[in-house]
Every structure is written in C-alpha cells, then in structure tokens.
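Peer 1: Here it is, the structure, as structure tokens.
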Amino acid sequence: GESVGLHLPTLSVQEGDNSIINCAYSNSASDYFIWYKQESGKGPQFIIDIRSNMDKRQGQRVTVLLNKTVKHLSLQIAATQPGDSAVYFCAVVNSNSGYALNFGKGTSLLVTP
Amino acid sequence: DTEVTQTPKHLVMGMTNKKSLKCEQHMGHRAMYWYKQKAKKPPELMFVYSYEKLSINESVPSRFSPECPNSSLLNLHLHALQPEDSALYLCASSQLRTGVASGANVLTFGAGSRLTVL
C-alpha cells in the first residue's frame, strides 16, 4: 500500500523565519498532492495542492515543491508567524484508482517569538 | 456554506452503549468520508460514500456502522465499542470529479467528534 512519510516529526522556528516541511511518498502512480494544516482541537484545513504535471506552486506565503524523480514534496512557509503553529500533513492520491486521501505522519511546527 | 458540521463535539460512552455521530454539509459535495484520528497520528480512512453509496470500507470492525441518508448527511453508528476506539472521528466531504487536472480530491473536514469509550 501507499507509504507516506515525513523526514522530521517536529520543527521549531523563530517568528519571521522561513519554514520547510518535507514529505516522502512511495507510490509512483500518485498524481495529486495536498498539504493540510491541523490546529489543536480542529479538523485538517486545506493549505495548498499540486498536481503531478507541475513541480512548483505558490500561494499566499506558502510554496509547494514536487520532485517526482525522488518522490518528495515540501511545503515552504515564508515569514512564519505564531498562527502557523500546528501539525502539517501531506496527503497523496492516485486519482485513477481512487479519491480518498492517504495522509503522511505529520510534522508539528512550533513558532517561537 | 463552506462548512462540514459534526455533532456532538464530545461523546463519552460505555462499552454497551449505542450512540451515533452525525455529519452535515451543504456544499453539494457527492463524496463523504469518515476518518479516525488517534492522538499525535494522521487521520486514517474508515469509509467513503459516493452518491450516497458506500464505495470504500477500509476493513473497519462491524461495531462501526456508517449510514448516508441523503447527499448532505452522514452518520456513524457506534455499538459495543472498545476503549481503544477512543479517538477523534473526522467527517469530510469532497466533489467527485476525477483526473489529474481536476483538483477533485480536496477534502473539507469538520472539526471532529471526540469519542471516549469507558
């Protein structure tokens, strides 16, 4: 089955610094990737997605990079703020075989003042 | 309305009780999902409904019984649960387009129902 993992379970950054959260996946047929943010006591919230025909996508203060060769994606958060403190999950799907998401283990991001 | 609403937010039940978790969305999504999330773990898929029909059951024990009465509602009926079933139960919904270019798989999650089994 799909194996989705993260390189670093916890990440502590200072306010204003940039954050990079990494994710590795195993199924080369995966073609759609999503980053979710989960704050304490809440459900996961969509941050940004990327399709396999792209290698970079930018949003507001966030950038997702996809390297299909090594089956790796990353989430970059610019000028990290205290409100960014949360657990971040990558999720992957093979849209030809199903549409349910398989979540990675999660990285806990802590932003210190 | 861009929300998924789950009730109750908290539920405590004994192992002999029968209870239900409820989920509602009014975004016109035709896929609805139940996920289970243990502390410090990622959500794990339990069930998927598409067009009100059960399409995926991830080998979930029969003490969990899903129901989709209509396109806006999703229930999870609980009976004879075990303490290890204590977790956050997340409901989600999505559109049902397929294919790489569609962005079909963006799930919108509810805040979850925190279940404690005594």
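Each reported figure results from applying straightforward, stated rules to the coordinates on display, with no laboratory input. This is a predicted model, so every value here is computed, not measured. A quick note on method: Cβ atoms are made from the backbone with ideal geometry, for glycine too, and the neighbour counts reach across all protein chains shown.
Peer 1: For chain B, what is the relative contact order in percent, using Cα pairs closer than 8 Å and at least 6 residues apart in sequence?
Peer 2: Computed value for chain B: 36 percent relative contact order.
Peer 1: A follow-up question, please. Which ordering of A:72, B:10 is given by a fewest-first count of other beta-carbon atoms within 10 Å?
Peer 2: The fewest-first ordering by Cβ neighbours comes to B:10, A:72.
Peer 1: Let me ask something else about it. What ranking, highest mean first, results for peptides A:26-38, A:10-22 when packing means the other Cβ atoms within 10 Å averaged over each residue?
Peer 2: A:26-38, A:10-22
Peer 1: Can you list the residues, at least 5 places off or on another chain, whose amide H is less than 5 Å from the amide H of residue A:85, using H built in the peptide plane?
Peer 2: A:111
Peer 1: Could you sort A:87-94, B:35-42 so that the peptide with the highest average Cβ count within 10 Å comes first and the rest follow in order?
Peer 2: Order by mean packing, descending: A:87-94, B:35-42.
Peer 1: Sticking with this structure for a sec: When Cβ neighbours within 10 Å are restricted to other protein chains, what is their mean count per residue of peptide B:43-55?
Peer 2: Going residue by residue through B:43-55 and averaging, the value is 2.
Peer 1: In this model, which of A:56/B:38; A:37/B:18; A:56/B:53; A:71/B:22; A:37/B:9; A:56/A:105 are farther than 30 Å apart at the alpha-carbon?
Peer 2: From the list (A:56/B:38; A:37/B:18; A:56/B:53; A:71/B:22; A:37/B:9; A:56/A:105), the Cα-Cα distance tops 30 Å for A:56/B:38; A:37/B:18; A:56/B:53; A:71/B:22.
Peer 1: Right, something else. Under 17 Å from a label point 7 Å along Cα→Cβ of residue A:42: give me every residue in the stretch B:15-52 with its amide N that close.
Peer 2: Only B:43 pass the distance filter.
Peer 1: Obtain the nm distance between the two label points defined at residue B:41 and residue B:72 by a simple spin-label model: each point lies 7 Å from its Cα along the Cα-to-C-beta direction.
Peer 2: 3.4 nm
Peer 1: Quantify how strongly other chains surround peptide B:33-42 by giving the mean number of their Cβ atoms within 10 Å of each of its Cβ atoms.
Peer 2: Partner Cβ neighbours, averaged per residue: 4.
Peer 1: Once Lys and Arg get +1 and Asp and Glu get -1 on their Cβ, which of A:33, A:63, A:20 lies farthest toward the positive end of the dipole of chain A?
Peer 2: Sorting the options by dipole projection puts first A:33.
Peer 1: While we're here: Explain nothing, just the number: relative contact order of chain A, from Cα pairs under 8 Å at least 6 residues apart, as a whole percent.
Peer 2: The value is 37 percent.
Peer 1: Once amide H atoms are placed 1.01 Å from N in the peptide plane, what residues at a sequence separation of 5 or more from residue B:107, or on another chain, have their amide H within under 5 Å of its amide H?
Peer 2: none
Peer 1: Further question on the same structure: Which order do the peptides B:52-63, A:73-84 take when ranked by the mean count of other beta-carbon atoms within 10 Å per residue, highest first?
Peer 2: By packing density, highest mean first, the sequence is A:73-84, B:52-63.
Peer 1: Put a dot 7 Å past each Cα toward the Cβ at residue A:28 and residue B:111; how far apart are the dots in nm?
Peer 2: Label-label distance for residue B:111 and residue A:28, simple model: 4.5 nm.
Peer 1: Collect residues whose amide H, placed 1.01 Å from N in the peptide plane, falls under 5 Å from the amide H of residue A:48; neighbours closer than 5 in sequence don't count.
Peer 2: A:35
Peer 1: Mind listing the phi-derived Karplus ³J(HN,Hα) values for the stretch B:36-48, rounded to whole Hz, using 6.51, -1.76 and 1.60 with θ = phi - 60°, and x for any glycine or proline?
Peer 2: 10, 10, 8, 4, 6, 10, x, x, 10, 5, 10, 9, 10
Peer 1: Let me ask something else about it. Assuming R0 = 35 Å, can you tell me the calculated FRET efficiency for the pair residue A:110 and residue B:18, based on Cβ-Cβ distance, to the nearest 0.05?
Peer 2: FRET efficiency, residue A:110 to residue B:18: 0.30.
Peer 1: Could you work out how far the C-alpha centroid of the stretch B:33-101 sits from that of the stretch A:53-113, in angstrom?
Peer 2: About 23 Å separates the Cα centre of the stretch B:33-101 from the one of the stretch A:53-113.
Peer 1: Continuing with this model, one more query. Mind putting a number on the dipole of chain A about its Cα centre? Charges go on the C-beta only, +1 for Lys and Arg and -1 for Asp and Glu, and I need it in Debye to the nearest 20.
Peer 2: That gives a dipole near 180 debye.
Peer 1: Taking θ = phi - 60°, what integer Hz values does the Karplus form 6.51 cos²θ - 1.76 cosθ + 1.60 yield along the stretch B:68-84, in sequence order, with x for Gly and Pro?
Peer 2: Karplus values, whole Hz, x for Gly and Pro: 10, x, 7, 5, 9, 10, 9, 10, 10, 8, 10, 8, 6, 6, 10, x, 5.
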